[in-house]
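Taking it in order: structure first as structure tokens, then the write-up.
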Amino acid sequence: MKHVLESVESQFEMFQILNEDGKIVNKDDMPDLSDDDLKEIMRRMVYTRILDQRSIALNRQGRLGFYAPTAGQEASQLGSQYALEQDDFLLPAYRDVPQLIWQGLPLYQAFLFSRGHFHGNQFPEDVKGLSPQIIIGAQYTQAAGVALGMKKRGKKSVAVTYTGDGGTSQGDFYEGINFAGAYGAPAIFFIQNNHFAISVPVEMQTNAKTLAQKAVAAGIEGIQVDGMDVLAVYAVTKDARERAINGDGPTLIETITYRYGPHTMAGDDPTRYRTDELDDEWEKKDPLVRFRKFLEEKKLWSSEDEDKVIEEAKGDIKKAIKKADEYPKQTVTDLIENMHEELPPNLQEQLEEYKEKESK
């Protein structure tokens, strides 16, 4: 039995295209991306890093509510999203707001979502997705259902969902991948392995050497990829999507990544469970630094390009937070009326009570 386990684990080697120095180490699997595509991916990563920095500042100022930092995970998040089509359906976790934004969610609505305002969940019609899931792992079972619905309707699209390494310890994780595998549903399941979930090391979450190998028990494809390498993430996502829409079933993708900030801005202190040495080690693998080196060598990126994106991001964020500030405040009656199509008697009673209070 030990031999069988070791033979399975040995098959899950980390897939990589760019090394830490921005050099191509896997020419055969280099994705077919134009120079404009490469520059656009970099633009999105720089923009998202600035968005993260400003969101942390806004949270500290009391102008945002719940926020989960994203710095360090841009390649995992945006490399995967860039490989999707507009009709693909996103089921993100709470750290995955950037994917929704690049899929078309207006920035001011992302800010309203952080504040708990109901309009932050009212997506434009052309944005296919659900609001970021707060319940850890629940999006996996939802994604399996959405993907099965796509298959039954004959759609050439996929359902894509994300969780962290901690999410793989939830029952919904196994139920989701097993259901999707059993029905051959066109789903892509991401595990963004940043090593610590909220604070518990991945080694204490599971005895498995990789999280990707958990795909084997569900009978679906699984792969581990360098989550700091945006080209590698794009390539495996593109391949998983093609196989899914062609009837080859779901894929489980483990991206090996790192979050530079706390788990959320709600009081987490990563210095209690991470060392400075580990942080320094992963800063050398920064996805923006790596991709910047690659593009600069190809004469596709410059400090002027980056400064332009930084100013663009700051300007957009300023306008978006102003619009969110000007949006009508959510009331208790809004909350009650939005919860049910037909109110039960007890809530109808409370609604009348709060209408009276709010009218004064």
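The values are calculated or read from the model by the stated rules, or taken from the named source; none is laboratory data. All of these numbers come straight from a predicted model, not from anything done at the bench. Backbone-built Cβ (ideal geometry, glycine too); neighbour counts: all protein chains shown.
Observations
- Residue selected from the range 232-245 under the condition of a type in the set (A, V, I, L, M) and surrounded by 24 or more Cβ atoms within 10 Å (Cβ to Cβ), by the criterion nearest to residue 156 (Cα to Cα): 244
Every residue, every condition in (1) more than 17 Å from the chain's Cα centre (by Cα); (2) at pLDDT 95 or above; (3) hydrophobic (A, V, I, L, M, F, W, C); (4) over 23 Å from residue 285 (Cβ atoms), yes or no:
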residue	(1), (2), (3), (4)
25	yes, yes, yes, no
33	yes, yes, yes, no
36	yes, yes, no, yes
40	yes, yes, no, no
45	no, yes, yes, no
57	yes, yes, yes, yes
67	no, yes, no, yes
71	no, yes, yes, no
76	no, yes, no, no
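- Filter pass, residue 172 being of a type in the set (Asp, Glu), within 23 Å of residue 31 (Cα to Cα) and either in the same structural domain as residue 291 (by TED's automatic domain parsing) or at pLDDT below 95 (or both): no
- Among the conditions (1) over 21 Å from residue 266 (Cα atoms); (2) of a type outside the set (Asp, Glu); (3) surrounded by fewer than 22 Cβ atoms within 10 Å (Cβ to Cβ), residue 75 misses just one, which is (3).
- Residue match in the range 263-272 (condition: surrounded by fewer than 24 Cβ atoms within 10 Å (Cβ to Cβ) and on the phi > 0 side of the Ramachandran plot): yes
- Residues of the range 165-211 that turn out to be over 18 Å from residue 248 (Cα atoms) and of a type in the set (A, V, I, L, M), as a count: 8
- Looking only at the range 207-225, and only at residues there that are within 17 Å of residue 257 (Cβ to Cβ) and polar (S, T, N, Q), the one that is surrounded by the most Cβ atoms within 10 Å (Cβ to Cβ): 224
- Within the range 329-360, the set of residues being closer than 29 Å to residue 107 by Cβ and either touching a strand residue (DSSP E or B) at 6+ places or on another chain (Cβ under 8 Å) or outside any helix (DSSP H, G or I) (or both) comprises 329, 330, 331.
- Qualifying residue in the range 19-37 (condition: in contact (Cβ under 8 Å) with a residue 60 or more places away in the chain, in the same structural domain as residue 318 (by TED's automatic domain parsing) and hydroxyl-bearing (Ser, Thr, Tyr)): no
- Members of the range 244-267 found to be under 19 Å from residue 195 (Cα atoms) and assigned to a strand (DSSP E or B), listed by number: 252, 253, 254, 255, 256
- Lone qualifier among 61, 11, 81 - being surrounded by 17 or more Cβ atoms within 10 Å (Cβ to Cβ), assigned by TED's automatic domain parsing to the domain that holds residue 185 and at negative phi: 81
- Checked against (1) modelled with pLDDT under 95; (2) closer than 22 Å to residue 90 by Cα, residue 162 meets all criteria but (1).
- Residue pairs meeting the criteria (Cβ under 6 Å; at least 6 apart or on separate chains; first assigned by TED's automatic domain parsing to the domain that holds residue 72, in the range 229-247; second assigned to a helix (DSSP H, G or I) and acidic (Asp, Glu)): 235/29
- Residue count for the range 283-328 satisfying the condition of being closer than 30 Å to residue 350 by Cβ and either in a helix (DSSP H, G or I) or free of Cβ contacts under 8 Å to residues at least 40 places away in the same chain (or both): 4.
- Across the range 274-283, a minimum of one residue is classified as modelled with pLDDT of 95 or more, under 26 Å from the mean Cα position of the chain (by Cα), buried (at least 16 other Cβ atoms within 10 Å of the Cβ) and closer than 30 Å to residue 204 by Cβ.
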